[in-house]
Amino acid sequence: MSRDKPLHVLSAIPLEPAHREKITGADPRILLHYPEDLMPARRYEGDKVGHPMEWTDDMEARWRKLLREAEVLFGFDRRNLANLPTLAPNLRWIQGSSTGIGGVVSAHGWADHNIITTSARGIHAEPLGEFHAFAILAFAKDLPRMQEQKANHHFQRYCTGRVRGKTLGVIGLGKNGKAVVRMGRALGMRVVGMKRHWEPPTMWRELAVDHLYPLDALHDMLAECDFVSLTPPATPETEGLIDARALAAMKPGAVLINTSRGTVVDEAALVQALKEEHLGGAALDVFEVEPLPADSPLWELDNVLIMPHSASCAEGEDEELTDLFVANLLRYLEDRPLLNVINPDTGY
């Protein structure tokens, strides 16, 4: 289908000039709207939210005018999520800037208004894989002990653990989970996995796992793992997946690593398992409540590493996200299927 009229694209996230130029230079039909004075100043590289802004009625009116014209939205308009279909009657596609956006899409029923939503699935896989590898090595080499001895100016030799030969269990084998599998393999670990749709053994080689468990064998898998990595999508099926019973089934001294969503883990039960030292530790990037409340007991536990939901954010992210968006823009203009379309039924 040929298209002669301009494609009105509105950015709802801060963009560097070079990335704006890459978008507008991809095709002369792309008309990018980027109102600089309505964009928040970024707090760090890759920030998609920015510093809070004082939003006046005039600013909102100008923004809504742009929304009415937009056919494509880059990032989420966080102020108008619920009434977006009404404010943007021409909107047909939203390109998200993160992976786990299925909950937002389903909650607001955008698919019912013929709005396609695509995620940034894949661009955060390597940074997340690196975080899991960091956490594995941190606990194997006893980083908490190193920090304590340094704080106390105490020089005392000790024997560290080793990673090679240990068993890593990866729950969720999408692009993020596969990156964790690769890291585990590089460290010489035995890697087992679990995914929603169980595959026959002939597919295990493609997934690079030594064994693949179905969901109903969760506790069996947990019992053999020295490290458990959580990378599944946040869906009703995975909510509370790691509950008190699952934690009790874990191998004594095992380490839990979560970069999925806080809803996947029963946080109170996790705190208890850590306090009782049934678990050797936890490395957490996501939490039930974010920001993590100051009175959370997780802050006080020496065997917990806390990342402020930033494990996926790494240098070069903006460029990769822009490249993905440009690839999808060209597909959209050519009436070809988009990459990373969110299925509202599954949430990913």
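Quick notes on this one:
- Förster radius 30 Å - calculated FRET efficiency between E300 and R78, Cβ distance, rounded to 0.05: 0.40
- Value of Rg to Rh for region 32-168 (Rh from inverse mean 1/r over Cα pairs, i.e. Kirkwood): 1.20
- Relative counts (whole %) of C-alpha pair distances in region 125-306, using bins that are 5 Å wide: 1, 8, 17, 22, 21, 15, 8, 4, 2, 1, 0
- The value of relative contact order for the chain, using C-alpha pairs under 8 Å at least six residues apart, is 17 percent.
- Whole-angstrom gap from region 28-52 to region 304-330, using each part's C-alpha centre: 15 Å
- Note on the chain: GNM, Cα springs under 10 Å; of R62, R92, R190, the largest mean-square fluctuation is that of R62.
- Sorted fewest first by neighbouring Cβ atoms within 10 angstrom, L212, L333 come out as L333, L212.
- Cα-based radius of gyration for region 217-336, normalised by 2.2 N^0.38 Å, reads 1.30.
- Expressed to the nearest 5 percent, the antiparallel share of DSSP beta bridges inside the chain is 5 percent.
- Under 21 Å of direct C-alpha separation, and excluding same-chain neighbours fewer than eight residues apart, K166 reaches these lysines: K141, K178, K195, K251.
- In the elastic network of the chain, a GNM with C-alpha springs shorter than 10 Å, the most mobile of F139, F155, F131 is F155.
- Among T24, T56, T263, residue whose mean-square fluctuation peaks in a GNM of the chain (springs only between Cα atoms under 10 Å): T56
- Each residue of region 91-108 was assigned a 3J(HN,Hα) from its phi angle through the Karplus expression (A = 6.51, B = -1.76, C = 1.60, θ = phi - 60°), giving 5, 10, 7, 10, 9, x, 9, 9, 8, x, 10, x, x, 5, 4, 5, 4, 9 Hz with x at Gly and Pro.
- Averaging 1/r over every pair of different alpha carbons in region 284-338 and inverting the result gives a Kirkwood radius of 14.4 Å.
- An oblate overall shape is assigned to region 41-107, the ratio a/c of its alpha-carbon gyration tensor axes (a ≥ b ≥ c) being 1.5 or greater and a/b not exceeding b/c.
- For the chain, the membrane-span-like helix rule (DSSP H, alpha carbon extent of at least 15 Å along the helix axis, mean Kyte-Doolittle at least 0.5) picks out 125-140; this says nothing about an actual membrane.
- Candidates per GluC sites (Glu not before Pro) in region 31-115, loop by DSSP, up to 11 other Cβ within 10 Å: E54
- Counting beta carbons within 10 Å around each of C313, C159, C225 and listing the fewest first gives the order C159, C313, C225.
- The chain: radius of gyration and largest Cα-Cα distance (Dmax), Å: 22.3, 72
- In plain terms, the residue of W110, W204 with the fewest other Cβ atoms within 10 Å comes first and the most crowded comes last, giving W204, W110.
No lab work stands behind these numbers, since they all come straight from the coordinates. All of these numbers come straight from a predicted model, not from anything done at the bench. When we count neighbours, we look across all protein chains shown, and the Cβ atoms used for this are built from the backbone with ideal geometry, even at glycine.
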